[in-house]
1. Per residue, how much space in cubic angstrom lies within the convex hull of the C-alpha atoms of the stretch 106-156?
2. Students sometimes get this wrong: rank R107, R122, R116 by accessible area, probe 1.4 Å, all chains present, largest first.
3. R0 = 22 Å: FRET efficiency of T10 with L163, Cβ-based, nearest 0.05?
Amino acid sequence: MDAVLDLAQTLLTSPWLYALVLGVTMLDAVIPLVPGETLVITAAAYAVTGSGPEASWVLLSAWAGALGGDVVAHHLGRGAGPLTAWFRRRRWGGALFEWAQRELTTRGGMLLISARFIPGGRTATTVASGAIGYPRARFVGFAAIAGLLWALYSVGIGMLGGLAFHEQPLMGVALGIGLALAVGGSIEGVRALRARRRRDRTLSRPVSAVRAASPAPSRGA
């Protein structure tokens with residue numbers, strides 16, 4: 001992560017920064033440990049200083065990378081390749097993968113959009129969409145919308161941090177990353193809470209059904 005950010009700082013005034021943003025965000029869609037979002041926020045924070053990159057080009061690069069990475073992850077899922085097996089072998093990955101498969105069958109495209117903002121959820125969902133045979137054309141359409149919203153969100157947070165600390169871009173980067181973590185954590189917390197409530201309702205249904213089916217005791221009993 002530090003190496004990627006150091007490289008980004010050396011390329012702040014170079015067109016190669018956009019290629020770096022595209023490549024890293026594309027890889028981030030397949031391998032969640034890659035700091036794609038952090039890189040976009042960093043580039044956007046420096047964009048408002050006047051001596052950094054163009055925010056519009058950072059946005060386009062992030063969008064293209066996000067969409068390209070999602071398409072790659074989807075096709076890896078279709079081939080049931082090593083990425084799927086890697087996800088399933090890990091405790092957190094297996095749980096995310098099962099959740100994505102279950103939700104895709106009920107919510108479809110809306111999940112592809114919302115999962116883009118869940119840490120690790122974007123990769124699990126895109127891989128799962130390929131594994132269950134989600135239609136390619138429909139997937140690309142939703143992935144394009146999700147990637148654009150994510151790019152706008154990441155660039156917006158970075159620029160907000162850069163404006164708040166115009167004279168200290170690194171402080172702006174820290175603020176932007178903190179906001180992104182807070183938003184991502186809140187979304188994941190809401191998702192986990194809703195999943196727990198659904199699980200509790202599911203577990204309580206058999207008990208209610210048995211009680212309803214049981215005959216009422218007679219007065220003489």
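1. On the way: hull volume 3.3 nm³, N = 51.
Hull volume over Cα atoms, normalised by residue count, gives 64 Å³.
2. Details: R107 100, R122 25, R116 5 Å².
Highest to lowest solvent-accessible surface, that is R107, R122, R116.
3. On the way: r = 24 Å, r/R0 = 1.07.
Efficiency at R0 = 22 Å is approximately 0.40.
The values are calculated or read from the model by the stated rules, or taken from the named source; none is laboratory data. Keep in mind that what you see is a predicted model, and the values were worked out from it rather than measured. When we count neighbours, we look across all protein chains shown, and the Cβ atoms used for this are built from the backbone with ideal geometry, even at glycine. Heavy atoms of the whole protein, side chains included, go into the accessibility calculation; ligands, DNA and RNA do not. Shrake-Rupley method; radii C 1.70, N 1.55, O 1.52, S 1.80 Å.
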